Every structure is written in structure tokens, then in C-alpha cells.
Amino acid sequence: WDQFVVMSFAKGGAVIAAIAAILISIPSPIQHIIPFEPLWIAIGFGSIAALLFVGAFTNQKSQVIRVVEVWIYPIKSCGGIRLSQSQFDSFGFVNDRRWIVADPSGKFITMRQRPQMKLISTAFDSKSGNLVLNAPGQRTYEVGRATEGAKMLRVTVWRDEVDALDMGDEAAAWFTEYLHTPARLVSVKPELEHKRPIDADYAAVAGLKGQSDDPIQVSFADGFPFLLASYSSLRDLNKRMKERGVDPVVMQNFRPNIVVDGCSRPWEEDTWRQLKIGDSIFHVVKPCSRCAVITVRPDGTFHPKFEPRKTLATFRQAGEDVYFGQNVVQSTTSGSVSEGDAVQVLATGPPQPAL
């Protein structure tokens, strides 16, 4: 709206300047009727407005939203890995949330119950390709690939139940020792065998049915293959936190996969419905409601004042939920996203959530 006002003002001023210049150039009879001074004032006013128009138009044309960070989180609720580029498949980014920690009954364990999971760092060995884990007080542990004949564990992720591959007793001992509770590490089954469709209520937005035969599935992410977030929105949140006397937070509090910058205003992503990122099409299906995970501090403890969720609740709350970021679904089962990719907004709609 602000840009619209500036553009309208500038266009009007340019028209006034043009009319005034024409009147000055008309022979003396007109000049006796209309004094010179108001005409020169009009020309000055109009010239300034015209410059505003050029500046606003140039800014509008040069405004490019780009991907500035790409992240994967191999084990749900553990440390992430920033990549310059990542391929995606039917689950989302390759190696994103393909492992999960569960108790012996199969119920998943996250930072909600064990905030120290944030301190488990993850990396992939350049030679073996195995997942390498480190945590305070723990020996480095290398997770091999699930072997043929590995035991199955039926795991529960929110309302979904899926069969997963148990990574063995050695991995279980490592997590049990660090988390001080019985725990097992499991991985998704091969791509064609793992069936966990996205929520049927939102599947239609991406042209899916929310059924096990859909081409797009979810690994162990909460509900959707990708989470997108904007630095413009983070800056607005941190500004509000500062006004409340609260220290700012970093983007990693929100654990996004795709981070963009260059939006014309904070929370612009609330209106996005379809995007083209690089050569791939994505559907923005649902705003992301946030839980206690975003309040876990870099030292692996909960923020004593429940920030940044408490500040978000002052302006980003709908019902009992607070929101930051948008859940995104890919339109194809293969592609890639790179840092620096342009983000083209193909379709928009009313802001979601409706605050």
C-alpha cells in the first residue's frame, strides 16, 4: 500500500510539472493570466515527484526474492547442516529427517521432551557417506546404513504410525546414554516402501489426495516436506522482541529448510500460494504453528520466559497457536534448490493464518 501511494503521488506530480512547463512555453497572453511563480513552484514540485516515481519504479523492478540458506536436519530434532545446494526427492530434501529417535515402544522423542538434543551435531563423512554424530560428553559415533534384515520398529510421529528400520543396539546405547532415557535410532524405509502421506485436508492444494499412493510423501518431518521462512519476518520479530527487552533469536530457532530474503515487507510469505524456486514449482499449503522447540536456546535449555513464542503470541496468534514460516510441498519428485536461486511468486491469496 505504501508503495502504491508513493507511485500515485509521483505520477500525479509528474503530470503537474509537464502541464506547468507547457504553460510557461505559451506566448505572453497566457503568462499575463497565470503568474510565473506558481508555475515554477509546480515544476519544482512535479520534478521531485517524478524522481520519486523513477526511484520507486526502479526499486520495484530490482526487488528480487532469493534463497539465502538451504538446510537439512538428518535426525529429527538434532543439529542441522547448511548446504549450498540440495537435491530433493518424494520426501523433501535428500537426507532431511530420514532418521528419528524413539522410545522402545516407538513413540518419537524430540527437543520438546529432551532439549539437549539440539546439541547433537550431524555431518556426513566425505568418504563413507555415513552420518557422523557428536554431542557433549559423548564419543563420536558413525551411523552406518541400515543392513538387509534389520529389525523393524513401528514408530508414532504425531498421529501417524509407520514402520521404520531399527539402527541397532550400539546406536540405541549412544542415544540412551546421552538422553538419560531408553532410546533407539530408526531410519525411514526405502523411498518406494515408506508411506506417510501429507494431511488430506491440505493435500488438495498441492494437487494430491493425501493417500499412500500419492507421489509426495513425508519422511519424519512434522507434516510436510519443506518449511520456508523469511529473514524479513525474522527481523520484524527481533525488532518486537527488542522493544520488549528480550534478546533476539536466530533463524535456526525455527529449523527451516528454505530461507529467503528480499521480500518487500515482513510476513509477505503469508500470502504466497505457489512459487517457482530455480526450475522447480512449490505449493505453499499451510502456515506453520510453532511449539516449544523454538524456545530451546543454543545451550540446549528452554528459554525461561518461553521466548520467542511469547512475543510471537502478541501478534502472530490464531486460536491457541502461534505461527512462523510456511509449510511447502514440491510439485515433482525430483529437483534441487540452491542458495542464490530466485524465488518467483506465481500465485497469492488472503494471508494465512488469518490473524
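The values are calculated or read from the model by the stated rules, or taken from the named source; none is laboratory data. Please read all numbers here as calculations on a predicted model, not as lab measurements. Ideal geometry is used to build each Cβ from the backbone, glycine not excepted, and the neighbour counts take in all protein chains shown. What goes into the accessible areas is simple: the full protein's heavy atoms, side chains included, and nothing from ligands, DNA or RNA. Shrake-Rupley method; radii C 1.70, N 1.55, O 1.52, S 1.80 Å.
What to note about this one:
- Pair-distance distribution P(r) for region 63-212, from all Cα-Cα distances in 10 Å bins starting at 0: 10, 38, 36, 14, 3, 0 percent.
- Separation in nanometres of the label points that stand 7 Å from Cα toward Cβ, at residue 134 and residue 246: 3.2
- Region 154-251: C-alpha gyration tensor shape, a/c 1.5 cut-off, then a/b vs b/c: oblate
- When only Cα pairs below 8 angstrom with a gap of at least 6 residues are kept, region 145-255 shows a relative contact order of 15 percent.
- Ranked from largest to smallest solvent-accessible area, with a 1.4 Å probe on the protein heavy atoms, 71, 158 come out as 158, 71.
- Spatial separation of Cα centroids for region 114-151 and region 163-235, in angstrom: 17
- Taking GluC sites (Glu not before Pro) across region 257-336, the ones in a DSSP loop with at most 14 further Cβ atoms lying within 10 angstrom of their Cβ are 320.
- The trypsin sites (Lys or Arg not before Pro) of region 214-247 that meet both conditions, a loop assignment by DSSP and at most 15 other Cβ atoms within 10 Å of the site Cβ, are 244.
- Overall form of region 237-355 per C-alpha gyration tensor (a/c, 1.5; a/b vs b/c): prolate
- Stokes-Einstein translational diffusion, region 241-295 - Kirkwood Rh over all Cα pairs, 1.567 mPa s, 4 °C, in µm²/s: 94
- By accessible area with a 1.4 Å probe, ligands and nucleic acids excluded, highest first: order of 291, 78: 291, 78
- Looking at region 196-355, the accessible area is 42 square angstrom per residue; that uses a 1.4 Å probe and ignores ligands, DNA and RNA.
- Sites listed here are chymotrypsin sites (Phe, Trp or Tyr not before Pro) in region 262-336 whose DSSP assignment is loop and whose Cβ has at most 14 other Cβ atoms within 10 Å: 306, 315.
- For region 127-180: accessible area per residue (Å², 1.4 Å): 60
- With all protein chains in place and ligands, DNA and RNA left out, the 1.4 Å accessible area ranks 279, 299, 247 as 279, 247, 299, largest first.
- Surface composition of region 205-325: carbon plus sulfur atoms hold 49% of the accessible area, using a 1.4 angstrom probe and ignoring ligands, DNA and RNA.
- Protein heavy-atom surface of region 101-199, 1.4 angstrom probe: 50% of the accessible area is carbon and sulfur, with nucleic acids and ligands not counted.
- Cα-Cα over 24 Å, subset of 118/276; 242/310; 118/310; 195/276; 276/310; 118/209: 118/276; 195/276; 276/310; 118/209
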